[in-house]
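The values are calculated or read from the model by the stated rules, or taken from the named source; none is laboratory data. All values derive from a computational prediction rather than experimental measurement. When we count neighbours, we look across all protein chains shown, and the Cβ atoms used for this are built from the backbone with ideal geometry, even at glycine.
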Amino acid sequence: MAARKLLILPGDGIGVEVMAQVRRIIDWMAKKRKIEFDVSEGLIGGAAYDVHGTPFPAETLAAAMQADAVLLGAVGGPKWDDLPFDKKPERGLLGIRKEMGLFANLRPATVLDALADASTLKHDVVAGLDIMILRELTGGLYFGEPRGIETLADGSRKGFNTLVYTTPEIVRIGRVAFELARKRGKRLCSVDKANVLECTVLWREEMIKLQKEEFPDVELSHMYVDNAAMQLVRNPKQFDVMVTENMFGDILSDCAAMLTGSLGMLPSASLGAADADGKRKALYEPVHGSAPDIAGKDMANPLATILSFAMCLRYSFDMVAEAEMIETAVKNVLKGGLRTADIMQAGKAKVSTTVMGEAVVRELDKMNA
Ligand code: NAD
């Protein structure tokens, strides 16, 4: 098969440290399983600004457009806080998402047995949780026009945004959702506010049509967003895949993330439209930021980034067996009692970023023996 082109953008702060642990796994894949990646590395965020005077250089964009998948660490830090808005590291992140046309944001919320007590919810409510929230990322209320703040004739002011989706926008996110559900538990919950918002009446109608025409094997249900928020904390295990518009997804995915208890454990994927061969542009990144408070101290939890790489293997390279190996290795390391500081529990062994990365590789070795 053609070389798998992977672009790595470590970014700033702990992004660099956690990505170094992914490099160990990539090296391991080549050495122990003869799976080669054509890896290149680029700059984004503050690191790119320091060299090129922009957080999103043209060469990074060109490399991202050529890659089969992009793996990103994190961007930002106090060093660049005073830059003008368009030079800030975070603009690099928004820029790459926009240019790659990434409209589907996948946020799994999985509770590993060893960490079930880290959640603020009761053990029974979250133990074994494995759900996927799919958020539409480039449309809806955050991008709709008209938008703005206006001064009215009487001197009062009006602020307004527009919730808008076209049928092609709904269908393309719907397809990603149904395809995901088909690979998981075959249940999709579409979240809307169809009792109040016409735009989401259309959303619901299109989801129903898509299910009938293309995905009759997937069970489709609908839920109003207010109820979905309640159900996520009452009984999250009732869900398999949830799909929703941009702003609802922003809120629900953060809520679901906290069911798992730790920012250092959360991976994500953002996908673009499928090309003629069915391949999608894709960016994989941990949910957390560059954590300036612990950067450079070899303290960061690398597991969110390692699990993002597992998502990359699953969704961009169809390497399900290897993705599962990495996920199992992570579970085993935690079961064995190793913890980085952010997930430390009484009676466990506190380890550094590097030691955690090495431990995951050791578990892979055991599985591969
Ligand atoms: P953050 O996610 O960087 O950190 C929040 C807290 O969680 C900190 O106490 C941090 O130490 C801890 N934390 C985060 N990831 C961790 C990990 N892997 N292991 C252990 N602890 C971890 O969010 P913030 O402090 O609000 O932002 C810091 C910088 O990161 C800012 O410049 C912000 O703009 C940027 N940021 C970037 C992204 C991204 O690149 N996707 C996302 C969020 C924030």
>> Would you confirm whether or not the range 223-239 contains a residue that is over 29 Å from Thr110 (Cβ atoms), of a type in the set (A, V, I, L, M) and without any contact (Cβ under 8 Å) to a residue 12 or more places away in the chain?
In response: no
>> Checking the condition in contact with a helix residue (DSSP H, G or I) (Cβ under 7 Å, 6 or more places away or on another chain) and surrounded by fewer than 16 Cβ atoms within 10 Å (Cβ to Cβ), which residue from Lys98, Lys79, Lys88, Lys122 passes?
In response: Lys79
> away from the ligand (no atom under 16 Å from the Cβ), farther than 29 Å from Leu303 by Cα and at pLDDT 95 or above, is that true of Val196?
Replying inline: yes
>> So, in the range 282-312, exactly how many residues are more than 14 Å from the chain's Cα centre (by Cα) and more than 10 Å from the ligand (Cβ to nearest atom)?
In response: 2
> Would you call Gly264 within 11 Å of the ligand (Cβ to nearest atom) and in a helix (DSSP H, G or I)?
Replying inline: yes
> What number of residues in the range 324-339 are over 21 Å from the mean Cα position of the chain (by Cα) and either polar (S, T, N, Q) or in a loop (DSSP other than H, G, I, E, B) (or both)?
Replying inline: 3
> What's the number of the condition Ala153 fails, among (1) of a type in the set (A, V, I, L, M, F, W, C); (2) surrounded by fewer than 10 Cβ atoms within 10 Å (Cβ to Cβ); (3) not in a loop (DSSP other than H, G, I, E, B)?
Replying inline: (3)
> Taking into account only those residues within the range 239-261 that are farther than 28 Å from Tyr165 by Cα and either outside any loop (DSSP other than H, G, I, E, B) or aliphatic (A, V, I, L, M) (or both), which is farthest from the ligand (Cβ to nearest atom)?
Replying inline: Leu259
>> Can you say whether Gly174 is at pLDDT 95 or above and small (Gly, Ala, Ser), as far as the supplied structure shows?
In response: yes
> Within the range 338-351, can you find the residues that are modelled with pLDDT of 95 or more and either surrounded by fewer than 13 Cβ atoms within 10 Å (Cβ to Cβ) or of a type in the set (Asp, Glu) (or both)?
Replying inline: Ala349
> Of the residues that make up the range 271-278, is at least one surrounded by fewer than 22 Cβ atoms within 10 Å (Cβ to Cβ), in the same structural domain as Ile26 (by TED's automatic domain parsing) and either among the acidic types (Asp, Glu) or near the ligand (Cβ under 8 Å from one of its atoms) (or both)?
Replying inline: yes
> Hey, any hits in the range 208-220 for a residue that's in contact with a strand residue (DSSP E or B) (Cβ under 6 Å, 6 or more places away or on another chain), of a type outside the set (A, V, I, L, M, F, W, C) and either free of Cβ contacts under 8 Å to residues at least 60 places away in the same chain or surrounded by 15 or more Cβ atoms within 10 Å (Cβ to Cβ) (or both)?
Replying inline: yes
>> Being touching a residue at least 60 places away in the same chain (Cβ under 8 Å) and within 16 Å of the ligand (Cβ to nearest atom): is that true of Ile8 here?
In response: yes
> Which of the residues spanning the range 27-46 are buried (at least 19 other Cβ atoms within 10 Å of the Cβ), away from the ligand (no atom under 11 Å from the Cβ) and under 21 Å from the mean Cα position of the chain (by Cα)?
Replying inline: Gly42, Leu43
> Counting just the residues of the range 242-289 that are of a type in the set (S, T, N, Q) and in contact with a helix residue (DSSP H, G or I) (Cβ under 9 Å, 6 or more places away or on another chain), which one comes out nearest to Ala229 (Cα to Cα)?
Replying inline: Thr244
